[in-house]
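Here is the structure we will look at, set down as structure tokens.
The values are calculated or read from the model by the stated rules, or taken from the named source; none is laboratory data. Only a predicted model underlies this, so the values are computations on that prediction, with no experimental measurement involved. Neighbour counts are summed over all protein chains in view; Cβ atoms, including those assigned to glycine, are modelled from backbone coordinates with ideal geometry.
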Amino acid sequence: MDEVVAVRRVVKRFGAFTALAGVSLTIGQKQFFTLLGPSGCGKTTLLRCIAGFEDLSEGTILLEGRDIAGLAPNLRPVNTVFQHYALFPHMTVAQNVAFGLKMQGMAPGPRLKRAGEMLELVHLSGFADRLPSQLSGGQQQRVALARALAPSPRVLLLDEPLSALDLKLRQAMRVELKQLQEETGITFVFVTHDQEEALTMSDRIAVMSAGEVRQIGSPREIYEAPVNRFVAGFIGETNLLPVRVASFAGGMARVVLPGGHQLTCPGAQTAPTGTPHVSIRPERMTLVPPGSGDLDASVERLIYLGTDLQVLARLADGTALHLRMQNSARATPPGAGSTIGVAIEEGAARLLAD
Amino acid sequence: MAGHAASGAAGTGYRGLTGPLLLPAWAMIGIFLLLPVLLMTLYSFLTKEFRGGVDWTFSLAAYDRFLLSRGLFGDEPPVLEWTYITIFWRSIWQAGLATLICLIVGFPTAWFIATRPLHSRALWLFMITVPYWVNLLIRTVSLRFLLRDQGPLNDLLIGTGLLDSPLRIINTNLAVQLGLFYSYLPFMVLPIYAAVERYNFALSEAAADLYASRWTTLREIVLPVVRPGIIAGCILVFVPSLGAFLAPDLLGGAKTYMIGSLIEEQFKGSQGNWPFGAAVSVILMTLVLIVLMVYARARGRAEVR
Ligand SMILES: Nc1ncnc2c1ncn2[C@@H]1O[C@H](COP(=O)(O)OP(=O)(O)OP(=O)(O)O)[C@@H](O)[C@H]1O
Ligand SMILES: [Mg+2]
């Protein structure tokens, strides 16, 4: 069987507040699956439902095909790296890491040996006899990781495990975590609100907002083919342009851009609701002489970003537009107030579902 | 060098007071702690005056009386005197039992209160402490009234037909235990409450996540983490129970005579013996200190490990 976790129409309410509003997703064997979304969108709640710390209001969660509704957390072959570590303060690092193995009935000798291996894996070999309070935040996080990995769970749930680390260490840990996941073959369900983290590490990403899954796909799909305005805006920078749909068939649409130019673009599988928008990434547009591109805009500001120049412009109807041009000697940047033409790369515009 | 010293002072500046600011603390400790203990120790080495009070001549008579028996007229060869040691032993046992009962009842109580919603915790704590606004003597006397053969409790038991003849509680060990339990329960509940309130329940979730059952979680995680509160509670109940005299006096009989009563009697009326009372107090205090020090050592070692 290929799917390890299947979440089916899960609803979770806290009193009158709905934290999860019908979430469905499936997580495959050995996948690095990421839940991505802004703070408060229900990522932790969903993890807690999978781990068994919250009862579902509605829906089911299957683990390897088995409904785990009635299963207490200690009976689920799932381990968690908690958002705030939750290391046992009265136990040494080694005892912390060995705790799950002890509970599984492993003898002291083998379990301490395995704890040692786990600590080696997270580069904390010299810290086995320290107490958690004697470690830095990043070290504690790595202990939490080792502790959750030690019993070789079927699924490892990680709740923003890199949030306490500084940028350098976080980048290093991203690579290590990904490697670890590939080596151990354990299915990772990884929570983050950092889109870069999600894009670089994941096999699949579920983008959530306000208790709902807004899109599921590979990093490339999520970034290049967002299906709605939320996903397009949340992942990376984008331009949202209001359009009129001239024709729509089989995921291909002919749209009329502000200014009257027509464009064929791929996009949503269903006809958009409300005002249709297309999403265009800033780096997929180029500056051309006025009148020769798809859009005409007047430049408002130029922002120097080092490798790039960001051009902030406005269309005639008032829609803001920003694009990027490489900071090279060959290209002369437009002056503020001047009119520019903008060409949209083939296939770069996506029609959004809402 | 000067700079170094200054930075050192700044480093400790937040930790404590220095110089004249310490005076009130030292005065308190001196007047209310050291002075009485020294006086008591001094009195224990003096000679007994007839109608209470002391004669200012050095004597070991008080300790002699506690430890050794020399027959009715004091002329037989000395043997170990068991009377007072027995009373000590009984007191320790009684106080230990009372502590255990307070712990068994107090822990769940504290747990219950600490896990209530924030706004109702204060109310629960308030209710736990309300009875303590009434003087201990009055409460103990009321308990005696409640428990006696013709008291409300027995009236109720007989009235409802549960019993034919009154349940004899008063003047038994049970009554003394009830008295001690009732007197000192909050001293168990409050420190445990404080510890449980600080307990991070995510630790229990982490334990469950790592396959620990509820009981194992309680044993391996919860109890060790809240242990300081439990130990504080046990000390706060054990120590005053050990020296209690109201409960044994008013609720117990001859068989439940405890150290507190023994000491109390030595300072009452013309029957008293101040040096002996002081000596018993010194011995009691020394015992308590030894127990606490052994505990502190054990704990220090555990922490180093
Ligand atoms: N026990 C609870 N009672 C009431 N509301 C809760 C409870 N737990 C979570 N919530 C609410 O559910 C929503 C989702 O919370 P959750 O912790 O899942 O967010 P999150 O996506 O993990 O956010 P973050 O990125 O900040 O960790 C929040 O609005 C939160 O206030
Ligand atoms: Mg969270």
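Assorted remarks:
- Residue ID - surrounded by the most Cβ atoms within 10 Å (Cβ to Cβ), chosen from residues in region A:47-88 that are of a type in the set (Gly, Ala, Ser) and away from chain B (no Cβ under 11 Å): A:Gly59
- First in region B:192-212 and under 12 Å from A:Asn79 (Cβ atoms), second anywhere and modelled with pLDDT under 95 and aromatic (Phe, Trp, Tyr), Cβ under 6 Å, 6 or more apart: B:Glu205/A:Phe53
- Total residues in region A:14-35, condition assigned to a strand (DSSP E or B) and away from ligand 1 (no atom under 16 Å from the Cβ): 5
- Index of the failed condition, A:Ser163 passing every other in (1) part of a loop (DSSP other than H, G, I, E, B); (2) under 14 Å from A:Thr80 (Cα atoms); (3) of a type in the set (S, T, N, Q): (2)
- Here is the figure for region A:36-60: residues that are part of a loop (DSSP other than H, G, I, E, B), more than 7 Å from ligand 1 (Cβ to nearest atom) and out of contact with any Ser or Thr (no Cβ under 7 Å at 6 or more places or on another chain) total 5.
- Annotation: of all residues in region A:115-163 being within 16 Å of ligand 1 (Cβ to nearest atom) and under 19 Å from the mean Cα position of the chain (by Cα), the one that is modelled with the lowest pLDDT is A:Ser163.
- Within the option set A:Val189, A:Val207, being farther than 30 Å from A:Ala316 by Cβ, within 16 Å of ligand 2 (Cβ to nearest atom) and touching a Lys or Arg at 6+ places or on another chain (Cβ under 6 Å) holds for one residue only, A:Val207.
- Options A:Pro219, A:Pro226: the member that is closer than 29 Å to A:Ala348 by Cα and without any contact (Cβ under 8 Å) to a residue 60 or more places away in the chain: A:Pro219
- Criterion violated by A:Ser125 - all others in (1) closer than 25 Å to B:Val226 by Cα; (2) more than 8 Å from every other protein chain (Cβ to nearest Cβ) satisfied: (1)
- Within region A:8-64, being closer than 26 Å to B:Ala207 by Cα, away from ligand 2 (no atom under 16 Å from the Cβ) and free of Cβ contacts under 8 Å to residues at least 24 places away in the same chain holds for one residue alone: A:Asp55.
- Test: A:Leu169 is touching a residue at least 24 places away in the same chain (Cβ under 8 Å), under 22 Å from A:Pro77 (Cβ atoms) and in a helix (DSSP H, G or I): no
- Comparison of B:Leu190, B:Leu203 shows that the only residue that is within 11 Å of chain A (Cβ to nearest Cβ) and either surrounded by fewer than 17 Cβ atoms within 10 Å (Cβ to Cβ) or in a helix (DSSP H, G or I) (or both) is B:Leu203.
- Only a single item in (1) in contact with a Ser or Thr (Cβ under 9 Å, 6 or more places away or on another chain); (2) more than 16 Å from ligand 2 (Cβ to nearest atom) is not met by A:His90, and it is number (1).
- Annotation: B:Leu157 fulfils all but one of (1) in a helix (DSSP H, G or I); (2) at pLDDT 90 or above; (3) more than 14 Å from chain A (Cβ to nearest Cβ); the unmet one is (2).
- Inside region A:303-342, residues that are within 30 Å of the chain's Cα centre (by Cα) and surrounded by 12 or more Cβ atoms within 10 Å (Cβ to Cβ) make up a count of 14.
- Strands (runs of 3 or more DSSP E) completely within region A:240-284 that count 1 or more residues being more than 25 Å from the chain's Cα centre (by Cα) and in contact (Cβ under 8 Å) with a residue 12 or more places away in the chain: A:244-249, A:252-256, A:262-266
- Those helices (runs of 4 or more DSSP H) of region B:40-142 in which 2 or more residues are over 28 Å from the mean Cα position of the chain (by Cα) and not aliphatic (A, V, I, L, M) occupy B:118-129.
- Selection count where residues are away from ligand 1 (no atom under 16 Å from the Cβ) and under 18 Å from A:Gly217 (Cβ atoms), scope region A:164-200: 4
- In region B:219-241, the residues that are surrounded by fewer than 17 Cβ atoms within 10 Å (Cβ to Cβ), more than 22 Å from the chain's Cα centre (by Cα) and closer than 17 Å to B:Ala194 by Cα: B:Pro224
- Test: residue in region A:112-119 that is part of a loop (DSSP other than H, G, I, E, B), away from every other protein chain (no Cβ under 14 Å) and not aliphatic (A, V, I, L, M): no
- Qualifying residue in region A:153-165 (condition: of a type in the set (A, V, I, L, M, F, W, C), in contact with an Asp or Glu (Cβ under 7 Å, 6 or more places away or on another chain) and within 16 Å of ligand 2 (Cβ to nearest atom)): yes
- Qualifying residue in region A:64-73 (condition: at pLDDT 95 or above, closer than 28 Å to A:Ala150 by Cα and part of a helix (DSSP H, G or I)): no
- Filtered residues of region A:202-234 (kept if out of contact with any strand residue (DSSP E or B) (no Cβ under 9 Å at 6 or more places or on another chain) and farther than 19 Å from A:Arg284 by Cβ): A:Ser209
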